[in-house]
Each structure stands twice: as structure tokens, then as C-alpha cells.
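Heads up: the structure comes next, in C-alpha cells.
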Amino acid sequence: MPREKFQTLTEQMFYILMTLKNECCGIDIMEQIKKITGGSVNVGPGTLYNLLEQFSREGIIRLTKVEGKKRSYILTDKGAALLEKEYTRLQRQAEDYRRFFTQEG
Amino acid sequence: MADVKYRIEGYDFYDTDGMARQLEKMAADGWMIENISGIFYKYRRCGKQNVAFAVTYFVKNNDFDTYPTPQQQQYIDICRQAGWQPVLFNRQLQVFMNTDPDAVPVETDAVTQVDNIHAMAKKGWLINNILFIGLGILNLFTSIGRIKLDVVQFLSSPVHIIGILFWLFYTVAMVLATVRYYSWYNKAKKQAEETGIYLQPKAKGVNAYAALFIVIVLWLAYMLSAAGGGQGRYLLRAVVAVGMAFIIMKAMVGEARRMGKTGKELETLAVITIVVAALVGISIAGRMMMPSMLHEETEDGTFITYEGVEEYHPDILVETGRVVTPYEEYFPLKIRDINPGFITPSRFIYDVEGGNWIRLLRIRQVADGASLYVYIYYPSRWAYPIVEWRETNSTADVFHYEKQDPQPWNADRVYVMKDEAGNHQGRMIVCWPDKIVALTLPVRSDLTGEQIGVITEKLQYYQPVMAD
């Protein structure tokens, strides 16, 4: 059964939202993600466009300005809450992992 | 040396990676993609290039939009900034190229990629498939009904036979394609959500559109070869007329697009042209399904041609629904040969149907209020017993066929229709090696040796010569 949309975030969704804590345009998002992750996560332009569209539609981000071909976005309150929720989920997973392996050791 | 190359590439629409790898291979061989229209790929000669391709869909585009749309332009701009240059757009399909073979792919999120492809499927492909499957099932049911009604009539028409094979093949192909797609989609969606890895569709399978194209070509070729002269001509005209109408439509839409017409206007223009093309095709093709001409032999031995006639005869109600084809010779057996007392020359209606497997010639004649119907079947060897079985078993319950001595007829078998009281009903079936003749005689009694001799002499070796 497919999971509900944005119930959990994929790696790419997570990093895109993270970079949009500050106003940012498409190409800069890709660059920032590359920088933050040391190149271990790359977001393709097609994926980026589709996700920005979906996030906008769901009110997770909003368009702030259009300068020529550059369109900038920023995280909304709803988006920030979603990101926080995902962070908590990942943190819990990491915590579970740590506890489990500590007990075993 | 040609600069343009056309190829049929049987990739499923959701096998975007397969398509991209093929384009890369062609570019490495010196052929750059120029256009993709369904399964037809047009390449133009270029220097050998080691480049990466990406094939994606911009689902928001409508079929009649002017590309790129403003929204699509935003997509293209982002791709350009990432090093991906647009190569071509065709409706929703987009192809990008990157000179850096190790560039970050256009699509990197498996979930988004699968969702995008599924949105594309729902936009047109699935609806088309479901419509075609419904149409196919309807046609198969209709064909089965026709077989039940009259197997000989069904087999005598190449249109019916090829029609049932076409719909059977195509319905199965469509069902398989749909099942295959959903099988891939469900697995791909699950894998994308669980592992984040995009599931590649399996290598090229049976592409329904490629199958459709091949089947249509074979079908038309067979019909044109099997149909009689008149049918073949009408069919060819219908195909040419519809083909030309579509070429004109494509040119008009292209011109209107260049003039800056919007999607809605282009859509309306295309719909009008398609309707006109369909009406032209139906009207031309429809003519071959009905008798457009009847030829009646007159007393002075000439033919009168009645054009555009659906049902005509002064004395006999002619069964219609067939192309009526004249014969250059007069039918040798006349009513006065069987009833010597009759002096009025017979008037004839001829018609013929069938193809390579069963050909049926009907000759109906009247003279002085009496009538003689002669139906001659020329079946192929395998169809012979089917025709004989159907002819000798298609009687009302109160009648039956009795075998008669075939010796006087110089035939293999002869049947006479009788009622329950054993009275002759004036209907006989004579089976000669190359033909089966069903006679509805102007007399309802056993024929004399002389009458049998005349009929045998005139019909046993009779071969019609069809007029062009």
C-alpha cells in the first residue's frame, strides 16, 4: 500500500526543505545540497522542479520572488513543522540504532 | 549517404532509461535524435558524440499546447542551469542532453520519478488502453455472433476473418501491456518508497503500438490482396483519403502553431479535421459494404447498370448488403433450359462475395414469373466440408436434405430438400469437386434425366469471368 504523500520524506525532499530555511532559488538549492552533504546527495533538476511544484501546491514552501529565470522559494510554517517532524523521526531511528547496538555490545 | 535515419524503437513509454541509453548509443554512432513520435524515431547524422541523455515527461503539457509552455520553460531553465540542454519536445515527452557523461541525472528521486511516470500513464496511455480493450472485446463478441449466425458467410469474408484475428491479437496485446505496466508500477513504487532505488523496467517487451502498426499493415495488405477488384479499390481510396486528411491536419496544426494560435484553438482545429477525415473515410469505405451498382441483363443481351442502388429488382427482392459485380459472360443456365415451355428471356442479377478461402457467386433470374436461384460456392479444400455441412443443415425443422444418386450429375454427392411427407421442395445441392452449387429450381418435382443432363452440362465446369 503506497504511503501517504509527505508522511515521511525521502532523502532528496528532506535536503531541499532544509536548504529552503533561507530563501533560495533552484540552482542554488542543488549547489547547497551538494555542499552540505559533501557530494553524497545530488538532486537532479527534473526532480527538483517536480518537488518544488509539489511542495508549493501543498503549502510547504512558497514562491518569494521571480528574477528573470530565477525563482526563489522559502519554507512556510507548515513546511518547517514537516521538516521538524521528519528530523524527530530520523533522530528517533538513530537513537534506537544506538541503543540497540549499545545493549548488544 | 543519407543524413536522416528513421527507426522503429519498441520501448515502452515508461522505459525512459532504456530510451535514453538507446539515444546515447546512436549518438556514439554518429546519429543525433531529432524527433520521437510514438515508436518512430528520427535521427540526423552528426559527429560521433559521447554524451548523456535524459528522457522525462512534463505531464502538465496538453497535446495541443505550443511547446515549450511557460511552465515547461521553467523546467527547461532549471535543467539548463544544471548542464542539461533540451534536444526535443513532443507533447509531454522531453529529451535532454549533457556533454558531461557523468552529470547528475535529471531525475534523482525514485518516488518522484515513479509518480511522474504514473501521472503520465493516467493522462492518456491507460485511458487509450482501456478504450481499446473495451472496443476489442465488443468486436470479438460481434464476430462470435456472426460465426454462430452463419459460419460460411463469416469465412467467405476476408474482412471478417482478419478482423477477428486483428482484434484478438490486439486485445491480448493491450491487456498484456496494461498488466505488465501495473506489475512494474506496483513493484517500482514499493521499491522506491522502501529503498529509494528506481526500478528499471525490464528490457524491451512487446510494444502494443508497434504491434498495432505491424498488424494494421498486414491487415490492409491482406484485405487489398483478397478483396475483389471493386472492394480493393474502395478500401485503397478510403485509406488514401484518411491518410491525406491526417497529413493535411498535421500541416494545418503546425502552421497554426507557427502563427501563434493557442492550445484550445489548435485542439478545435484538430478535432474538426479528424471528424472530417473520419466522415470521408467512413463514407468511402461504407460504399464497399453496400451494393453501389446492380447490373441487370436485358432481353437484347445488354446490361443496364443501376448506380447507388441498395435494393432493386422488379420481380425479385434482392438480398442486399454485398458489392454487386457484373460478369462479362451471360450465365449459361437459363430458366427455359429447365422449363422448355418458357420463351421469355431471363433477367439476371449477379453478385459475388468472398475472398481467397470461399468465393460465392449468386445468380438470380426471373422469367414469366418463375425464378431460378443458383448459388455457387468455390471453397478452398479445407473450407469445402464446412460449406457442405452448413448448406445441408441450414433448413427449417420441417424440411431435411436427402441424399440422391450423384451418378447422373457426374457429382460426388447430391442432396434434395424434402418436407416431412417426402415432397420435393425444388431445392438441391450438388457437390462437384471444385464447387458446391445450391439450386432453387422453378419446379418442385424430381428432375428428368434430360433436365439433369442440361444442368450438369452447363454448370459442372462453369467458371465465371469477372468484369474489371
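So here's what we get for this one:
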{"quantity": "Surrounding net charge for residue A:90, when Lys and Arg each add one and Asp and Glu each subtract one, Cβ distance under 12 Å", "calculated": "-2"}
{"quantity": "Mean residue ellipticity (222 nm) of chain A, computed from DSSP H runs ≥ 4 via -39,500 (n - 2.57), nearest 500", "calculated": "-19000 deg cm²/dmol"}
{"quantity": "For residues of A:18-30, the mean tally of beta carbons on other chains within 10 Å", "calculated": "2"}
{"quantity": "Rounded to whole Å, sorted largest first: equivalent-ellipsoid semi-axes of the range B:15-117, Cα gyration tensor", "calculated": "21, 16, 13"}
{"quantity": "Shielding by other protein chains, B:82-92, mean Cβ within 10 Å", "calculated": "1"}
{"quantity": "Inter-chain Cβ neighbour average for residues A:33-40, partner chain, 10 Å", "calculated": "0"}
{"quantity": "Kirkwood hydrodynamic radius over Cα pairs of the range A:7-95, then Stokes diffusion coefficient at 37 °C and 0.692 mPa s, in µm²/s", "calculated": "249"}
{"quantity": "Rounded if a/c under 1.5, otherwise prolate or oblate - the range B:417-468, Cα gyration tensor axes", "calculated": "prolate"}
{"quantity": "Quarter of the Cα convex hull surface for the range B:46-90, i.e. its orientation-mean projected area (nm²)", "calculated": "3.9"}
{"quantity": "Pairs beyond 23 Å (Cα-Cα), from B:5/B:122; B:334/B:403; B:25/B:202; A:21/A:69; B:42/B:250", "calculated": "B:5/B:122; B:334/B:403"}
{"quantity": "For the range B:85-166, alpha-carbon Rg over 2.2 N^0.38 Å", "calculated": "1.92"}
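All of the numbers you see were taken from the coordinates with simple rules; none came from a lab. The structure presented is a predicted model; accordingly, all values stated were derived computationally and were not measured. Cβ: placed from backbone, ideal geometry, glycine included. Neighbour counts: every protein chain shown.
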